[in-house]
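Just below is one structure, and these are the notes that go with it.
The values are calculated or read from the model by the stated rules, or taken from the named source; none is laboratory data. It should be emphasised that the depicted structure is a prediction, and the values quoted were computed from it without experimental measurement. Glycine also receives a Cβ, built like all others from the backbone with ideal geometry; neighbour counts cover every protein chain displayed.
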Amino acid sequence: MSISEKVVQRLMKQERLIVAKPKRRRYTSYLGEISQAPENIINRNFQAAAPNEKWLTDITEFQIPAGKIYLSPIIDCFDGTVVSWTIGTNPDAELVNTMLDAAIETVADTNDRPVVHSDRGGHYRWPGWLSRMSEANLTRSMSREACSPDNAACEGFFGRLKTELFYPRDWQATTIEEFIETVDSYIRWYNEKRIKIALGSLSPIEYRVSLGLTA
């Protein structure tokens, strides 16, 4: 005996039966208060008068048929430039530490010492991160627990990336390596070509050039 889908729906409605849909868990690196958190210096003030005053960081997850991929960037509050980034298949210490090393390299020959703001994830409390921050004389800042608005500008970058690149496409036949290359290319385009109204319809790099801040 076969029963049509409409009949099943009608019977379920009569009996007030609902099919539970599992809620997809959002990626989080929070491991509890494993060490004392620094002050929330940024305190939702994402404005900066010059480059390398305030940096924001976080990790976002992408899930495609081929597997999960993680992006860890550092965003400059001055103009939204992605200072450095790493993309990989493991949200581990190497992912964030390699990103931080690359960001520190960009200010190594300057007097710039940014405040680096993150959420309360374990990555930003592990010895590798702490030693790098200390050696580079950078200041730590952390969001309050489970308070994504405290890092809203970084979350906003993730939202734009996913809206413009990730959600509109079918990744069914895409390998992890191809996906990583695609995200990497997007970020380079974002820095160099993607215009922002707030920057006078210039990209972050074009904006800096217009101010004489980069060659």
Discussion item. So in segment 79-96, with the set limited to residues that are part of a helix (DSSP H, G or I) and in contact with a strand residue (DSSP E or B) (Cβ under 9 Å, 6 or more places away or on another chain), which one is surrounded by the most Cβ atoms within 10 Å (Cβ to Cβ)?
Written reply: 96
Practice prompt. Looking at (1) closer than 15 Å to residue 155 by Cβ; (2) in contact with a Ser or Thr (Cβ under 9 Å, 6 or more places away or on another chain); (3) modelled with pLDDT under 95, find the lone condition where residue 42 falls short.
Written response: (3)
Worksheet item: Quick check: is even one residue across segment 198-205 touching a Pro at 6+ places or on another chain (Cβ under 9 Å) and either surrounded by 13 or more Cβ atoms within 10 Å (Cβ to Cβ) or in contact (Cβ under 8 Å) with a residue 12 or more places away in the chain (or both)?
Response: no
Fill in: Odd one out for residue 195, checked against (1) in contact with a Pro (Cβ under 8 Å, 6 or more places away or on another chain); (2) among the hydrophobic types (A, V, I, L, M, F, W, C); (3) free of Cβ contacts under 8 Å to residues at least 12 places away in the same chain
(1)
Worksheet entry | Search result, residues across segment 41-54 that are at negative phi, surrounded by 15 or more Cβ atoms within 10 Å (Cβ to Cβ) and assigned to a loop (DSSP other than H, G, I, E, B) | 42, 46, 48, 51, 53
